[in-house]
Amino acid sequence: MSLIERLSLAALALPGLLVGGEAQAGRAEELYHADFQYAHYEESKGRMKVDVFELSAVAPIGDKITASVDLVRDTISGASPILNIKNSDGKVEQYLSGASIFEQRDALAVGLSYAFDDVNVSFGGGVSGEHDYLSRHLNTGASWTFNKKLTTLSFTASVAFDEITPTGQSDVKNSKTSQKYLMGITQVINKNSLLQSNMTFAYHKGYLSDPYKAVYVEGVGLEDDSRPRHKFQWAWLTRYVHYFKTLNKAALHADYRLYVDDWGINGHTLELSWHQPIADDWLIIPRFRYYTQNEANFYQATFDAMDIGDIHSSDYRLTGFGTLGVGLKLTKSFHMAGYIKEVKLQMAADYNDRKASYQIGGNDEGSFDDFSFYMITASINMRF
Amino acid sequence: MHHFYQTLAGTALALSMSMSASALELNSVAPDFSLPNIKTHTVSHLSEYRGKVIYLDFWASWCPPCRTSFPLLETLYKKQQAKGFAIVAINMDEESEAMERFLTLYPASFDVLRDPEGVWADTYGVEAMPSSFIIDKKGMIRHIHSGFSKADIVDIENKIVKLLAE
Amino acid sequence: MKKIILTALVLFLTACSPVKPWERGNLALPQMALEGDAQEANFRQHTFFSKESSSGGYGGHGGGCGCN
Amino acid sequence: MREAPYLVKMSFHAMGSPCHIQFYVFKSAQEKHAKSVIKQCLSGLEQRYSRYRKDSLISLINQRAGSGKETAIDAEMLGLLNYAEQCYQESDGLFDITSGSLRNLWGVDKQSLPSEQQLANARALIGWQKIERTTSHVYLPIKGMQLDFGGIVKEYAADSIAQLLKNRGIESGIIELGGDIKIIGSQPNGNAWPIAIRNPSNQNNLQLSLHSGSLASSGDYERFQMIDGVRYSHILNPKTGKPTQGLQAVSIISEHCVVSGSLATLAMLKGKQGLAWLKENKLDFFCCEEDGTTHQHLSTYTLI
């Protein structure tokens, strides 16, 4: 920049030239947050069950910095599919892990964010681990609000280092690193609606297979699950929210996400939810979800000597299928003027049914992979 | 990188220029207005407060910094009221119920007026929520302040005391 | 692909009617929040992520009352 | 079809110099409102930044120098201080608004040169880095230190008035405050505004026309003094404490009047290297050396 440009920029900061209000720094909320949630996940066919306890807290420091901490404990039990076998009359059956596995995963994450006038930057990190798995991650992000505060650009970047030492193979230490980048825009369209559109890019490198899963090769036997050592994922999520004053101030939320990865999988996710206020400060939220994906190009339910390459997997998450889900969420909030400013209770239940036949364009894989699962959450959030 | 920086500076300039077009200016006369007063149920005019130092605040119940500001403004008002200090809080909620529920939680003894269509917020060029204008005894806008955080009350009181002494 | 997205975004930005700061009451209501309950949303997305291949997209800031 | 706009002329005295403002309006209400806004802006600025008024903000700061009592400042004063700091850095210390105390030594009425001792004492009271300031307060730590916004406030006033009138929908006009000029916009028929720059050495002035931007001058064709037959400029070098030598007058043309003003003062402060400095920074200028030779470089703006 030339001398004259530097001076002009400095001159433009003079109120007389750039006449208008003073833009103020700091963030909107200056309250402490304390949130506690219990959640339960359970699959059909006696498969996996998970109980999750989570505690999060947020504290403002000065009028620009906000610190946050998040503690999570999962306890996982039940069986999980490890193998598909073709039985005598050629039909594929799925075998679950025999012993009922019992694992406990603990995770800790901390974060700091700093609010400038219209820009907010954040840094964070965390660690999570089970007896056979350790993951450490770092993340950073920035958001810039402009155009009379109607438009917000967001950018986040995170990196994770995972290490897996499968039970019974203590000498083996497989590691992988994952990088994720998000760029997004949130735009207020008018008084009653807003739109958010985010794009994420994720790149994984290292040991990406599942040590507890295997593939059945007809006439040969079993082979370990063996996936490529890198994976690139791209996702584009668009969320639309619209306010209906005449329908007792309800709001419609509609999300659509397109997903593509270089393992050959394309995924579509559609979620619709209706947020209906009833009585004072009650919200009832029915919701519907549909998901579909096709299979990875190295997936087969079972293999034979001819088509077993060195990259192969029968993992039920890599096949083609669709999921239909319905759910209901209830929230009730209390506003007070004392030390505690707000208490909010939340309860929700979702039922999801996953079937190969729900996949767009149909799928004749058979129903050996089909199962259903439900989720329950209950939480209390406090602001003071 | 250099080129990018310049275009960034360019856009920032353009944006800031366009943003400020409608705002009122420091040291200009505060335009008089008349709005319904929720306590007296009559119409109040800004000119009725002439001779006082006025903290004119545009607020709404749904804006978090307004919740932070009301208790602090209430104490400031009680403390300086006798010396000729007035607070005129212009509420812009679409529905008055939301405002009434707010005022039960954050009672205000200073005057609250209603401007649901934001007519005077437009004239005063309100750019952020909340926005406040400190007006001296001669009716001139001496300070413009947008947003509100706890630490601001000290600076606001200094300005009020200085103007009261004028 | 990039060009289409960019032009779409620019067109889209200009298509919005200007919303005055005091007209954001509806957008600030809890039922309009993109992230109403963070913990519940994270649990739900984490569950789907571990049962399906698709992931990503969620995150970012913005919307709401635009107060500062 | 909007009726034809009519020209409004204002002539008055402000900031210690004659001022002339012309602008076109469509309705008399617009004229009345514009005139009141101009008067309020100028009286406001004078009331805050004039060193001659005992009750001004600047005088309050100067009176409290060395007293231990700091002064609260608002966004405008903060903007001016930040701008002055930028000028200080760009001129590596020559443009220093703390050189107010030098004014007394070289006042127009003085008949004799100040002694070396007086100059040394004055220099001890000067130094931008000595100022103690935050975004909300300012304090001059040594008794006798004086801030002087000369070379900034008058030009800032011209820019402020132009912005105020533009906000009121006035798109055509010219503002002249004591030789500093700011254009609001070209005349309704599209013509530029004719301007003459006085040539100190001979009487044929330089003719110039501006559609937009500003022109500010620094130099001693009005304010200078003759001591024992030698001509001393009123532009004082804060490092030596003595008037500058080298250029007799400089006029700069750029978008903002406050920028043109500080660049003109900077050129004078550069003394002998002034001309080279003007060329090196590719500025639009007109200048006259002490021996009367004139130079000019006008790229973005045109001569009649």
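The values are calculated or read from the model by the stated rules, or taken from the named source; none is laboratory data. Nothing here was measured: the structure is a model prediction, and the numbers come from that model. Here Cβ is always computed from backbone atoms with ideal geometry, including for glycine, and neighbour counts include all displayed protein chains.
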Test result for A:Q179, part of a strand (DSSP E or B), facing chain C (nearest Cβ under 8 Å) and among the polar types (S, T, N, Q): no
field: Pairs, first more than 9 Å from every other protein chain (Cβ to nearest Cβ) in the stretch D:156-182, second hydroxyl-bearing (S, T, Y) and in a helix (DSSP H, G or I), C-beta under 9 Å, six or more apart
entry: D:D180/D:S260; D:I181/D:S260; D:K182/D:S260
statement: Reported set for the stretch B:49-75 where residues are of a type in the set (D, E, K, R) and surrounded by fewer than 15 Cβ atoms within 10 Å (Cβ to Cβ) is B:R50
- prompt: Within the stretch D:65-81, is even one residue in contact with a Leu (Cβ under 8 Å, 6 or more places away or on another chain), more than 11 Å from every other protein chain (Cβ to nearest Cβ), surrounded by 17 or more Cβ atoms within 10 Å (Cβ to Cβ) and not in a helix (DSSP H, G or I)?
  reply: yes
task: Report, by residue number, each residue of the stretch C:19-59 that is over 15 Å from the mean Cα position of the chain (by Cα), in a loop (DSSP other than H, G, I, E, B), modelled with pLDDT under 90 and facing chain A (nearest Cβ under 7 Å).
output: C:V19
task: Examine the stretch D:121-142 for a residue that is out of contact with any Ser or Thr (no Cβ under 6 Å at 6 or more places or on another chain) and more than 21 Å from D:K69 (Cα to Cα), and state whether such a residue exists.
output: yes
task: Would you check which residues across the stretch D:33-84 are β-branched (V, I, T) and within 21 Å of D:R168 (Cα to Cα) and list them?
output: D:V37, D:I38
task: Go through B:A98, B:A89 for me and flag whichever is part of a helix (DSSP H, G or I) and of a type in the set (A, V, I, L, M, F, W, C).
output: B:A98
- prompt: within 24 Å of C:L29 (Cβ to Cβ) and not in a strand (DSSP E or B): does that describe A:G366?
  reply: no
- request: Scan the stretch A:47-61 for residues that are under 19 Å from C:E52 (Cα atoms) and out of contact with any helix residue (DSSP H, G or I) (no Cβ under 9 Å at 6 or more places or on another chain) and report the count.
  value: 3
task: Residues being among the hydrophobic types (A, V, I, L, M, F, W, C), buried (at least 19 other Cβ atoms within 10 Å of the Cβ) and farther than 30 Å from D:Q63 by Cβ: count how many of those fall in the stretch D:148-200.
output: 12
message: I'm trying to understand the selection: among the residues of the stretch A:126-148, which are surrounded by 16 or more Cβ atoms within 10 Å (Cβ to Cβ), away from chain C (no Cβ under 11 Å) and under 15 Å from A:Y181 (Cα atoms)?
response: A:H137
statement: Taking the stretch A:265-318 and keeping residues in contact with a Pro (Cβ under 9 Å, 6 or more places away or on another chain) and among the charged types (D, E, K, R) leaves A:D281, A:D315
task: Kindly list the number of the only condition in (1) surrounded by fewer than 16 Cβ atoms within 10 Å (Cβ to Cβ); (2) over 28 Å from C:N26 (Cα atoms); (3) not β-branched (V, I, T) that fails for A:L258.
output: (1)
message: Any residue at all in the stretch D:98-116 that's outside any loop (DSSP other than H, G, I, E, B), of a type in the set (K, R), in contact (Cβ under 8 Å) with a residue 40 or more places away in the chain and touching a strand residue (DSSP E or B) at 6+ places or on another chain (Cβ under 9 Å)?
response: yes
- prompt: If you take the residues of the stretch A:261-271 that are over 20 Å from A:G325 (Cβ atoms) and buried (at least 17 other Cβ atoms within 10 Å of the Cβ), which of them is nearest to the chain's Cα centre (by Cα)?
  reply: A:D261
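Rundown of residues vs (1) away from chain A (no Cβ under 14 Å); (2) over 16 Å from D:D180 (Cβ atoms); (3) modelled with pLDDT of 90 or more, yes/no style:
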position: D:E255; (1), (2), (3): no, no, no
position: D:S260; (1), (2), (3): no, no, yes
position: D:K270; (1), (2), (3): no, yes, no
position: D:K282; (1), (2), (3): no, yes, no
position: D:T300; (1), (2), (3): no, yes, no
position: D:L303; (1), (2), (3): yes, yes, no
query: What tally of residues in the stretch B:109-140 results from selecting those that are modelled with pLDDT of 90 or more and either assigned to a strand (DSSP E or B) or polar (S, T, N, Q) (or both)?
result: 10
message: Of the conditions (1) surrounded by 20 or more Cβ atoms within 10 Å (Cβ to Cβ); (2) more than 9 Å from every other protein chain (Cβ to nearest Cβ), A:L345 satisfies every one except a single condition; which number is it?
response: (1)
query: Across the stretch B:80-114, which residue is farthest from the other protein chains (Cβ to nearest Cβ) among those that are within 19 Å of B:N158 (Cα to Cα) and in contact (Cβ under 8 Å) with a residue 60 or more places away in the chain?
result: B:G84
message: I'm trying to understand the selection: among the residues of the stretch A:226-235, which are touching a Lys or Arg at 6+ places or on another chain (Cβ under 8 Å) and at the interface with chain C (Cβ under 7 Å from one of its Cβ atoms)?
response: A:A235
Some residue of the stretch A:96-104 being closer than 30 Å to A:F368 by Cβ, touching a residue at least 40 places away in the same chain (Cβ under 8 Å) and not basic (K, R): yes
- prompt: So which residues in the stretch A:305-336 are within 14 Å of chain B (Cβ to nearest Cβ), loosely packed, with under 14 Cβ neighbours inside 10 Å and not aromatic (F, W, Y), if there are any at all?
  reply: A:M336
task: Return yes or no: is A:K249 surrounded by fewer than 15 Cβ atoms within 10 Å (Cβ to Cβ), farther than 30 Å from A:E163 by Cβ and within 9 Å of chain C (Cβ to nearest Cβ)?
output: no
task: Say whether the condition of being within 14 Å of another protein chain (Cβ to nearest Cβ), assigned to a loop (DSSP other than H, G, I, E, B), over 19 Å from the mean Cα position of the chain (by Cα) and touching a residue at least 40 places away in the same chain (Cβ under 8 Å) is met by at least one residue in the stretch D:133-141.
output: yes
- prompt: Applying the selection to the stretch A:276-298, what residues are of a type in the set (D, E, K, R) and over 20 Å from the mean Cα position of the chain (by Cα)?
  reply: A:D280, A:D281, A:E295
A:W274 surrounded by 20 or more Cβ atoms within 10 Å (Cβ to Cβ), within 12 Å of chain C (Cβ to nearest Cβ) and out of contact with any Phe, Trp or Tyr (no Cβ under 6 Å at 6 or more places or on another chain): no
message: Give me the residue from the stretch A:122-145 that is under 19 Å from the mean Cα position of the chain (by Cα) and among the β-branched types (V, I, T) and, out of that set, nearest to A:Y207 (Cα to Cα).
response: A:V127
Residues satisfying the stated conditions in the stretch B:114-130, i.e. surrounded by 22 or more Cβ atoms within 10 Å (Cβ to Cβ) and within 30 Å of A:F334 (Cβ to Cβ): B:A128, B:M129, B:P130
